[in-house]
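Student: The structure under discussion is supplied below as structure tokens; questions concerning it will follow.
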Amino acid sequence: MKRLVVGAHYGLRDWLAQRVTAVFIALYALAAAAVVIDNQPLTYAAWKGIFALGWMRVATLLFAVSLVWHAWVGVRDILMDYVKPDGLRFALQVGVLLVLASYLGWAVQILFR
């Protein structure tokens, strides 16, 4: 007998996304800590100099994207598990997506204006 699997099939892809983004977030945190420790005392001019480097801006953008993706997968899974009314779950998911998108847009604006 053939087993019929239905649903969104998020499983492995989202599990892997959580792990990959978590590793990148951890690596960025270590690199950022090293850069901050290396630039002591940390003045506004030193901070501005750190983010004037193109690689630091790109790394920070990738960090922000990873953080948003990691947060989305986690919050979406929590909402799917614990919020049973479909309309409420959908409204909460849209709200979370809008907030996360605005945070990411704000990060891009800060990094590249």
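Student: Helix-only mean residue ellipticity at 222 nm, the chain, DSSP H runs n ≥ 4 weighted -39,500 (n - 2.57), per residue, nearest 500. What is it?
Tutor: Value at 222 nm, helices only: -29000 deg cm²/dmol.
Student: Still on this model: State which helices in the chain qualify, where a helix is a whole DSSP H run, it must extend 15 Å or more along its own axis by its Cα atoms, and its mean Kyte-Doolittle hydropathy must be at least 0.5. Could you put the intermediate results ahead of the total?
Tutor: Numbers: long enough: 11-38 (41 Å, 1.26); 54-82 (42 Å, 0.94); 86-112 (38 Å, 1.47).
Passing helices, by number: 11-38, 54-82, 86-112.
Student: Run the numbers on the chain and let me know its relative contact order in percent, using alpha-carbon pairs under 8 Å that are six or more apart. If you can, show how the numbers build up before the last one.
Tutor: Numbers: 47 pairs, mean separation 35.1, N = 113.
Normalised by residue count, the contact order of the chain is 31 percent.
Student: Right, another one. What is the Cα coordinate range of segment 15-80 on the first, second and third principal axes, sorted by size from largest, in whole angstrom?
Tutor: 45, 18, 16
Student: Right, something else. Rg/Rh for the chain: what does it come to with C-alpha atoms and Rh from Kirkwood?
Tutor: In the chain, Rg relative to Rh is 1.12.
Student: Right, next: So if each residue of separation counts as 0.36 nm, and I subtract the Cα-Cα distance between Gln18 and Gln40, what length gain in nm does that give? Show your work: numbers first, answer last.
Tutor: Details: separation 22, 0.36 × 22 = 7.92 nm, distance 3.32 nm.
This chain segment gains 4.6 nm when fully extended.
Student: Order of Arg89, Arg113 from fewest to most other C-beta atoms within 10 Å? Walk me through the intermediate numbers first.
Tutor: Numbers: Arg89 16, Arg113 5.
By the 10 Å Cβ count, ascending, the order reads Arg113, Arg89.
Since every read-out is calculated from the coordinates, none of them should be taken as a lab result. All values derive from a computational prediction rather than experimental measurement. Glycine also receives a Cβ, built like all others from the backbone with ideal geometry; neighbour counts cover every protein chain displayed.
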